1. Which angle between 0 and 90 degrees, to the nearest 10, do you get for helix A:256-272 versus the longest principal axis of chain A when only C-alpha atoms count?
2. If you count, for every residue in B:125-132, the Cβ atoms of partner chains within 10 Å of its Cβ, what is the mean?
3. Over the Cα atoms, compute the radius of gyration (one decimal) and Dmax (the largest Cα-Cα distance, rounded to a whole number) for the stretch A:11-146, in Å.
4. Among the lysines, which have Cα under 17 Å from the Cα of B:Lys134 when same-chain residues fewer than 8 positions away are ignored?
5. Given N residues in chain A, what is its alpha carbon radius of gyration divided by 2.2 N^0.38 Å?
6. Taking the DSSP beta bridges in chain A as the whole, what percent of them are antiparallel, to the nearest 5?
7. For Cα pairs less than 8 Å apart in space and 6+ apart in sequence, what is the mean separation divided by the residue count of the stretch A:105-184, i.e. the relative contact order in percent?
8. A drop of at least 20 square angstrom in accessible area, chain alone versus all protein chains together, probe 1.4 Å. Which residues of the stretch A:93-116 meet that?
Amino acid sequence: MTTKIKLIGLHKSFGDKEILSDINLSIATGELVTIIGPSGSGKSTLIRCLNLLEVPSSGQLAFNNELVDFQVNSKGRLTHRSEASLPKFRTKIGMVFQHFNLFANRTVLQNLTDAPKRILKQPAKIAYQDAQHFLELVGLLDFQNQYPSQLSGGQQQRVAIARALMMHPEVLLFDEPTSALDPEMVNEVLTVMLRLKAAGITMVVVTHEMAFTQQASDRVVFIEHGRIQFLGSPTQLANQADDSRVKEFINKLDHRIVLHALEQKGSNHEMAQ
Amino acid sequence: MDWKMVQQNLPLLVNGMGMTLLISVLALGIATVAGFFIALMRISKVATIRRIAATYNWFVRGIPVMILLFLLYYSAPFGIKLSAFGAGLLGLTINGSAFVAEIFRSGFRAIDPGQVEAAKALGYKSWQIMFYIKLPQVVKITSPTYVSNAIALLKESAQVSVITVPDLMLKASNLYSSTYKTWETLGVAAVLYLLLCSIFMVIQWGLEKRYNTMGLTVG
């Protein structure tokens, strides 16, 4: 399998605080990699480094085995030259955000067709046909003339996925795509993501959905205190020792454990009476 | 009320109204362009540029327009001699630009940073983000305050009469001084000002209606 995108010796700090240290991660074409970890562990920063929305303090990023050229000035921001050269690279990497970030003043259809028309200079007719195709894929054909504020969270997130697909990206990044959704809307978004996996799109997903992580991912990254503590397949993850950090973290996500403990407490109480 | 006198004075007052409209619209136009760039300076990444713009706004907003007009007309710096119209237009423009700049700045600050990030991730260049993502929303967000400010500017333009710009106010007060009839002169002028301001208010009403049909809340 060929490597699609790769982080080499990546560090990121904000002031004195180190957010990511020595991250080495390569993602193969067609692979689905999930990133899990406690809040503040650096997982969002990590995924945002993949399209350089966040600028690494040091280290390199390779895309299709070519180093992405970016330079940082003394203030830790991208130089103007890099800022000017990056948009072209970013068109190849789609991103879906926790809070959807749809353009509020544009209709669903315009949210989809604006970028291909303006940036890829796609003819309006092609962009429109593409939009119909992707809206059908996410099941929102009937909503194309609505404004984002008229849609539910789950619908907005599906529009956001369709918008990212319109650029025909080689990689799709998902930064906690279901964390801002009401529980009953999570599945509709996960379903669309599974469809994309089936289509063979390379995906990197930051998530707290353990069922999705275990069933859909090819590999799982567990990150804590800015370091990769575990990297392997879901099966390898399941075989980790119960007292490993990654297992402790996963157990914290399982709310049934608490309820189970409560139940036992209850029955002990009854027995005592 | 002496209606005959009103009728006699009307052409003179309407003539002054033309001057009021001309100087206000010109000042507003230039102040809008200037204010936009000052607002960009206010949100610049470079601290020095931010400070220059903030100082300008602090200074201009804190000085009465009338003093500004006197200073420009009677003793403009560098030995420049301005006509009454030139000094009046410059004074209103300088004053207006600082207020417009603050209005635009508030609009820029109200933009959801997530949308800007989404645009970046899609591959928008900086100028495209400004032109396609930020500007349309700034216009939308700031339109009620902007129009209110335009109305204020139009009314404040009456102060250019003190440096002899022949506007509606000057014509009306001259008529008053020679007749001592308040309602027939200043009263009629008030109605004419109200008429001019109403044009802006109608524009504002139209804008808000348009944005509301777009499923957006303005504010």
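1. Relative to chain A, helix A:256-272 is tipped by roughly 20 degrees.
2. Numbers: counts 8, 4, 1, 5, 1, 0, 1, 6.
Per residue, the number of nearby Cβ atoms from other chains is 3 on average.
3. Answer for the stretch A:11-146, Rg first and Dmax second: 17.7, 51 Å.
4. Partners within reach: B:Lys45, B:Lys120, B:Lys125.
5. Values: Rg = 20.6 Å, N = 273, 2.2 N^0.38 = 18.5 Å.
Normalised by 2.2 N^0.38 Å, the Cα Rg of chain A equals 1.11.
6. Values: 21 of 38 bridges.
Taking every DSSP beta bridge with both residues in chain A, the antiparallel ones total about 55 percent.
7. On the way: 68 pairs, mean separation 30.2, N = 80.
Across the stretch A:105-184, relative contact order equals 38 percent.
8. A:Phe97, A:Asn101, A:Phe103, A:Ala104, A:Asn105, A:Ala115
The values are calculated or read from the model by the stated rules, or taken from the named source; none is laboratory data. Note that this is a predicted model, so its numbers are computed, not measured. Ideal geometry is used to build each Cβ from the backbone, glycine not excepted, and the neighbour counts take in all protein chains shown. Just so you know, the surface numbers come from the protein's heavy atoms only, side chains and all, with ligands and any DNA or RNA stripped out. Shrake-Rupley method; radii C 1.70, N 1.55, O 1.52, S 1.80 Å.
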